1. For residue 118, which of the numbered conditions (1) under 21 Å from residue 14 (Cα atoms); (2) in a loop (DSSP other than H, G, I, E, B); (3) touching a helix residue (DSSP H, G or I) at 6+ places or on another chain (Cβ under 9 Å) fails to hold?
2. Please tell me if residue 109 is crowded, with 16+ Cβ neighbours inside 10 Å, modelled with pLDDT of 90 or more and either part of a helix (DSSP H, G or I) or touching a strand residue (DSSP E or B) at 6+ places or on another chain (Cβ under 8 Å) (or both).
3. Checking the condition surrounded by 10 or more Cβ atoms within 10 Å (Cβ to Cβ) and modelled with pLDDT of 85 or more, which residue from 24, 14 passes?
4. Going by the conditions given, is residue 88 touching a helix residue (DSSP H, G or I) at 6+ places or on another chain (Cβ under 8 Å) and either loosely packed, with under 13 Cβ neighbours inside 10 Å or under 30 Å from residue 2 (Cα atoms) (or both)?
5. Condition (residue is within 20 Å of residue 119 (Cα to Cα) and at pLDDT 85 or above) applied to the stretch 31-40: is it met by at least one residue?
6. Inside the stretch 1-41, can you point out the residues that are under 13 Å from residue 107 (Cβ atoms), assigned to a helix (DSSP H, G or I) and touching a helix residue (DSSP H, G or I) at 6+ places or on another chain (Cβ under 8 Å)?
C-alpha cells in the first residue's frame, strides 16, 4: 500500500496517515462510552476525608474474578485513570472526544500495557 518493508514499525505511518491502531481504537471507543453515558461516578475522594494525590480519579473496586477485571466498566475506569490530567478535566464531551482523538493519533499505542505506562 505504501511500499514499506514488513519489519518496519507502523507508528510513523499511523501518525502520518492519521489512522488508529487497533488498541487506540479500543481505547477511544471505551473512553467515549464511559464519558458519554457517565457509567461510573465513585471517585477516590468519596473514601477519604483528606486530600490525596489521586483524589479525582475513579475508584476501582477489588476484582475477585477475571471476568469482572476484563469487563468494560472496570477497563474504562482503568483507562480513564491513566489519561493525562489535561484530558481528564475536560467537561464537555465533544471537546473530550476531539482531544482524545488527537492524543491517540499522536501516540499510536500497540498494547494496553504501553498505554498504562505512558507518562509514568
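1. (3)
2. Numbers: crowded, with 16+ Cβ neighbours inside 10 Å: yes; modelled with pLDDT of 90 or more: yes; either part of a helix (DSSP H, G or I) or touching a strand residue (DSSP E or B) at 6+ places or on another chain (Cβ under 8 Å) (or both): no.
No; evaluated as a whole, the condition is false for this residue.
3. Details: 14 fails: modelled with pLDDT of 85 or more.
Answer to the check: 24.
4. Details: touching a helix residue (DSSP H, G or I) at 6+ places or on another chain (Cβ under 8 Å): yes; either loosely packed, with under 13 Cβ neighbours inside 10 Å or under 30 Å from residue 2 (Cα atoms) (or both): no.
Here the answer is no, as residue 88 does not meet what is asked.
5. Here is the first cut: in the stretch 31-40, the residues within 20 Å of residue 119 (Cα to Cα) are 31.
When the remaining residues are screened for being at pLDDT 85 or above, the result is 31.
Scanning the stretch 31-40 turns up at least one residue that is within 20 Å of residue 119 (Cα to Cα) and at pLDDT 85 or above.
6. Across the stretch 1-41, the qualifying residues are 14, 15, 23, 24, 27, 28.
The values are calculated or read from the model by the stated rules, or taken from the named source; none is laboratory data. As the structure is a prediction and not an experimental result, all values here were calculated from the model. When we count neighbours, we look across all protein chains shown, and the Cβ atoms used for this are built from the backbone with ideal geometry, even at glycine.
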